[in-house]
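What follows is a single structure, written as structure tokens, with notes after it.
The values are calculated or read from the model by the stated rules, or taken from the named source; none is laboratory data. Nothing here was measured: the structure is a model prediction, and the numbers come from that model. Methodologically, a virtual Cβ is constructed for each residue, glycine included, from the backbone with ideal geometry; neighbour enumeration extends over all protein chains shown.
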Amino acid sequence: MTSTTSADLVAAATATAARLRHGGRALVFGSGPAAADAQRLVAALAREAVPALVLPGGPAGFAAAVELFGTRRDVAIALARDGGDYPMAAALIAARARGLLTVALVAPAGPVARVAGIDHLLTTGPAARRRLGELLRTLLHEPV
């Protein structure tokens, strides 16, 4: 697995912004400490009047929330400071099956990085998560 580049971040942000501009929502979820990152990203998007929702994990897991709230216009954004966990991987599989754009910002090892077909798998640290948030907010104000 190669390291994520700035071009990868721009591609993920551009694809996400395009979905959001066409009526989609950002469905964001994080495991462990990244749950707070998910809340911060949703708060930043909300300040820009972008429909966004932090998905609860809980006993039913993130996949149940994706199935309940996700539509083909939406974007599923998974955040994990490590490689994520199996409930997060299951949510991305469910999102892909429902036609959501899938974006994962995780460490390069772990269950999430092994999910086939993630649209934008960004293997990064916390600095890149902040950069993606900044890119999303910038792209929402410019044509894609």
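A few remarks follow.
- Only one of the listed residues (112, 103) is in contact (Cβ under 8 Å) with a residue 12 or more places away in the chain and in contact with a His (Cβ under 8 Å, 6 or more places away or on another chain). That residue is 103.
- Wholly within the range 1-84, helices (runs of 4 or more DSSP H) carrying at least 3 residues that are of a type in the set (Val, Ile, Thr): 6-21
- The listed residues are 27, 101, 92, 68, and the only one of them that is in contact with a Phe, Trp or Tyr (Cβ under 8 Å, 6 or more places away or on another chain) and at pLDDT 90 or above turns out to be 27.
- Some residue of the range 67-78 being surrounded by 18 or more Cβ atoms within 10 Å (Cβ to Cβ) and farther than 13 Å from residue 120 by Cα: yes
- Test: residue 58 is on the phi > 0 side of the Ramachandran plot, at pLDDT below 85 and surrounded by fewer than 24 Cβ atoms within 10 Å (Cβ to Cβ): yes
- For residue 87, the conditions (1) assigned to a helix (DSSP H, G or I); (2) more than 18 Å from residue 121 (Cβ to Cβ) are fulfilled apart from (2).
- Within this structure, residue 87 fails the test of being more than 14 Å from the chain's Cα centre (by Cα) and modelled with pLDDT under 90.
- The residue of the range 90-100 that is nearest to residue 30 (Cα to Cα), among those that are touching a residue at least 40 places away in the same chain (Cβ under 8 Å) and assigned to a helix (DSSP H, G or I), is 91.
- Residue within the range 27-38 that is touching a residue at least 40 places away in the same chain (Cβ under 8 Å), farther than 17 Å from residue 105 by Cβ and either touching a Cys at 6+ places or on another chain (Cβ under 7 Å) or of a type outside the set (Phe, Trp, Tyr) (or both) present: no
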